[in-house]
Amino acid sequence: MDFEQASMDDTNRIRPDGGIDVLDPPPTDIMDEETLEPARLAQNAPRLETVVQLLNQPALARVYVYVCYWGPVSPPEIMDNLELSKSTTYEYVDQLVDLGLVDRDDSTRPQQLTADPIIIVEQYVPIVITPTVLHALALQEVDEDVEYFMDRYGAGKLIAALRGAGLHFAGKTTQRMVATDIDVRETEAMMIIYALEPALTVGRTHDPFFEHLFPDVHDQMDLPSLDEVDGAPAESNSHE
């Protein structure tokens with residue numbers, strides 16, 4: 001499965017579940033013998049495994065996003081700033097290292113962790129996964145409104161809500177329009193728009209792929225500064 005940058009044009013329609021209806025199906029000739037070679041599929045499998053792990057484990061995604069945005073950081077910094085136990089912190093770090101998402105430098109004490117931002121863009125769904133999306137999903141670990149929305153509607157609609165929130169803060173749409181677009185109640189749209197504000201604020205500064213999510217409005221959003229955002233991850237001590 002190859003992931004490439006997708007262009008979303010007028011032939012695509014956002015479904016209430018957050019997905020996209022593609023009116024023109026992809027050409028069948030993209031699935032040729034070369035694409036379906038077992039070696040090619042095996043080569044791409046780890047990338048799919050990686051994103052599935054993060055989407056299914058918001059607590060793990062939260063640690064990844066913290067390291068990605070604030071690294072290099074040490075495990076004790078993660079423990080303090082994310083309020084995790086020592087055992088949980090090292091469990092998540094080990095898992096992220098095994099997934100190839102986090103690099104661990106054991107030459108220093110305490111060890112230093114860094115992570116490169118990932119981007120997954122599937123050409124024919126289309127869907128985009130960047131650190132901003134993972135941050136939005138991870139917020140359910142610390143924000144009851146995001147947790148409620150995820151429990152009720154799932155990850156697909158949360159990603160659609162993130163896009164709607166970005167458009168709202170750019171002045172392109174109202175809360176009522178977002179509610180209609182993603183088929184939720186207006187009160188739920190208002191709730192999730194403001195609950196996702198930390199992901200947008202931090203992502204605009206630290207996510208190098210932010211423009212892939214908002215190519216049209218990435219520089220137009222009226223968002224608070226980082227130190228004004230309730231729920232945004234604290235700056236690492238090494239950056240103070």
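The values are calculated or read from the model by the stated rules, or taken from the named source; none is laboratory data. Since the structure is predicted, the reported quantities are computational estimates derived from the model, not experimental observations. Ideal geometry is used to build each Cβ from the backbone, glycine not excepted, and the neighbour counts take in all protein chains shown. To get the accessible areas, we keep the full protein, side chains included, count just its heavy atoms, and leave off ligands, DNA and RNA. Shrake-Rupley method; radii C 1.70, N 1.55, O 1.52, S 1.80 Å.
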Practice problem: Could you figure out which of (1) within 24 Å of GLN57 (Cβ to Cβ); (2) open to solvent by 10 Å² or more (accessible area, probe 1.4 Å) isn't true of ALA161? | Solution: (2)
Quiz item: Considering region 142-167 alone, what residues qualify as being closer than 13 Å to TYR194 by Cα and of a type in the set (A, V, I, L, M, F, W, C)?
Solution: VAL146, PHE149, LEU158, ALA161, LEU162, ALA165, LEU167
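Output the number of residues of region 177-202 satisfying the condition of being of a type in the set (Gly, Ala, Ser) and surrounded by fewer than 22 Cβ atoms within 10 Å (Cβ to Cβ). First the steps, then the outcome.
Taking region 177-202 as the starting set, the residues that turn out to be of a type in the set (Gly, Ala, Ser) are 179, 189, 195, 199.
Next, only the ones that are surrounded by fewer than 22 Cβ atoms within 10 Å (Cβ to Cβ) stay: 179.
Number satisfying all stated conditions: 1.
State the number of residues belonging to region 203-226 that are part of a helix (DSSP H, G or I) and open to solvent by 50 Å² or more (accessible area, probe 1.4 Å). Don't jump to the end; show me each part of the working.
Step one: of region 203-226, the residues part of a helix (DSSP H, G or I) are 203-206, 210-213, 226.
Okay, now just the ones that are also open to solvent by 50 Å² or more (accessible area, probe 1.4 Å), so 204-206, 211-212, 226.
Summing the residues that are part of a helix (DSSP H, G or I) and open to solvent by 50 Å² or more (accessible area, probe 1.4 Å) in region 203-226 gives 6.
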